[in-house]
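Visitor: Can you keep this structure in mind? I'll have questions shortly.
The values are calculated or read from the model by the stated rules, or taken from the named source; none is laboratory data. Being a predicted model, the structure only gives us computed values, none of them experimental. Cβ atoms come from the backbone with ideal geometry, glycine included; neighbour counts cover every protein chain shown.
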Amino acid sequence: MTQDELFAFWGTKVPKIELQKTTMMGACGLILAFIAPYDTSDMPSGLWRVLYWVSLLLLGSVLTGPVARFSFPRIMKYTKSPGLLLAAYAMALSAPVYVTVVAIDIYYHSVRHTGAGPTVDYYIKFLTHEDLSAWDLIIWYFQVSIITFMANAAISMVVHITRPKPAPEQKGPPPGYLFLRRLPAPLGQGLLCLQMEDHYIRAYTDKGDTLVRMRLKDAVAELEGFGGLQVHRSWWVALDMIESVRKDGRRHLIHLKGGMTVPVSKTFEGSLREAGYL
């Protein structure tokens, strides 16, 4: 996922996506309860382990949106890497979860050793005990950050893989396809001009010419978007085949690539002028 996609997912306020995050975080909690990392296998029962891990992951799920909306814009100023962004975000998200982990650990320690919940004095004594160093607290924090990062990375990967891919853009037929398909294959697609002849039109290409039974106005309609102009009641020309336009008495003549000359009637001079050829 890109940084913007990560931000859009983790920082969302959309209820449907929030529910998706909560469900996936809960699933991660169940997986962690089964794996039982960081000595949680010592808990009295599997049920306690499930409650512990699922509760922590659901707490993280609740915090993902606010923490993402606060931290992502700031982190993105310093890195373009989605991986580093997610790692830094995981460390920010881990702070409140870490406090909860320490509180639960102290509570569990108190119940195990005194048979009762901890008092404020017990919390203070636990945190200032000589056997508990600042380094231990830092290690705990990084352990929480690792779990948070792995859960977020796994969820991001699943979302990215399962997200419906946009349908490939359907390319329509090339301009003029409806008319060009009428031409014999040996004449190619290098259309020069069309000339009306009774109930037919003669189509000239850079490889020859052929008669097509249809009206000129119908042929012009089929050539919409091809890049051409009707320059006479009986003539249509492809603009990219024009080499020059010259005046011959009171009328203009178009010289096409390959040597053909096409007359321009007064009626259609305006269109040719708008196209920049007069």
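Visitor: In the range 233-278, which residues are β-branched (Val, Ile, Thr) and either under 25 Å from Tyr200 (Cβ atoms) or outside the structural domain of Leu223 (by TED's automatic domain parsing) (or both)?
Guide: Val237, Ile242, Ile254, Thr261, Val262, Val264, Thr267
Visitor: Quick check on this structure: which one of Pro73, Pro96, Pro66 is out of contact with any helix residue (DSSP H, G or I) (no Cβ under 9 Å at 6 or more places or on another chain), in the same structural domain as Lys13 (by TED's automatic domain parsing) and part of a helix (DSSP H, G or I)? Working first, answer last.
Guide: Numbers: Pro73 fails: out of contact with any helix residue (DSSP H, G or I) (no Cβ under 9 Å at 6 or more places or on another chain); Pro96 fails: out of contact with any helix residue (DSSP H, G or I) (no Cβ under 9 Å at 6 or more places or on another chain).
It is Pro66.
Visitor: Taking Gly117 as the residue in question, decide whether it is of a type in the set (Gly, Ala, Ser), touching a helix residue (DSSP H, G or I) at 6+ places or on another chain (Cβ under 7 Å), assigned to a loop (DSSP other than H, G, I, E, B) and at pLDDT below 80.
Guide: Working: of a type in the set (Gly, Ala, Ser): yes; touching a helix residue (DSSP H, G or I) at 6+ places or on another chain (Cβ under 7 Å): yes; assigned to a loop (DSSP other than H, G, I, E, B): yes; at pLDDT below 80: yes.
Yes; evaluated as a whole, the condition is true for this residue.
Visitor: Check Met157 against each of (1) surrounded by fewer than 18 Cβ atoms within 10 Å (Cβ to Cβ); (2) not assigned by TED's automatic domain parsing to the domain that holds Phe9 and name the one condition it does not meet.
Guide: It is condition (2) that Met157 fails.
Visitor: So which residues in the range 33-59 are at negative phi, surrounded by fewer than 16 Cβ atoms within 10 Å (Cβ to Cβ), among the hydroxyl-bearing types (Ser, Thr, Tyr) and within 41 Å of the chain's Cα centre (by Cα), if there are any at all?
Guide: Answer for the range 33-59, where residues must be at negative phi, surrounded by fewer than 16 Cβ atoms within 10 Å (Cβ to Cβ), among the hydroxyl-bearing types (Ser, Thr, Tyr) and within 41 Å of the chain's Cα centre (by Cα): Thr40, Ser55.
Visitor: In addition: Could you list, in sequence order, all residues of the range 32-61 that are among the β-branched types (Val, Ile, Thr) and either outside the structural domain of Ser145 (by TED's automatic domain parsing) or touching a residue at least 12 places away in the same chain (Cβ under 8 Å) (or both)? Lay out the reasoning, then the answer.
Guide: Taking the range 32-61 as the starting set, the residues that turn out to be among the β-branched types (Val, Ile, Thr) are 35, 40, 50, 54.
Within the range 32-61, Thr40, Val50, Val54 meet the criteria.
Visitor: Just to check your reading of the model, which residue among Gly276, Gly258 is within 47 Å of the chain's Cα centre (by Cα) and either at pLDDT below 90 or more than 30 Å from Thr2 (Cβ to Cβ) (or both)?
Guide: Exactly one residue qualifies, and that residue is Gly276.
Visitor: Name the residues in the range 219-256 that are among the basic types (Lys, Arg), touching a residue at least 12 places away in the same chain (Cβ under 8 Å) and either part of a strand (DSSP E or B) or surrounded by 14 or more Cβ atoms within 10 Å (Cβ to Cβ) (or both), would you?
Guide: Arg251
Visitor: Also: So, of the residues in the range 222-242 that are over 11 Å from Leu192 (Cα atoms) and among the charged types (D, E, K, R), which turns out to be nearest to the chain's Cα centre (by Cα)?
Guide: Glu224
Visitor: Go through Thr22, Thr2 for me and flag whichever is under 19 Å from the mean Cα position of the chain (by Cα) and of a type in the set (Ser, Thr, Tyr).
Guide: The conditions single out Thr2.
Visitor: Moving on to the next point. Just to be sure before I move on: is Pro168 modelled with pLDDT under 90 and more than 24 Å from Ile242 (Cβ to Cβ) in the structure I sent? Step through it out loud before you land on a result.
Guide: Working: modelled with pLDDT under 90: yes; more than 24 Å from Ile242 (Cβ to Cβ): yes.
Criteria met by Pro168.
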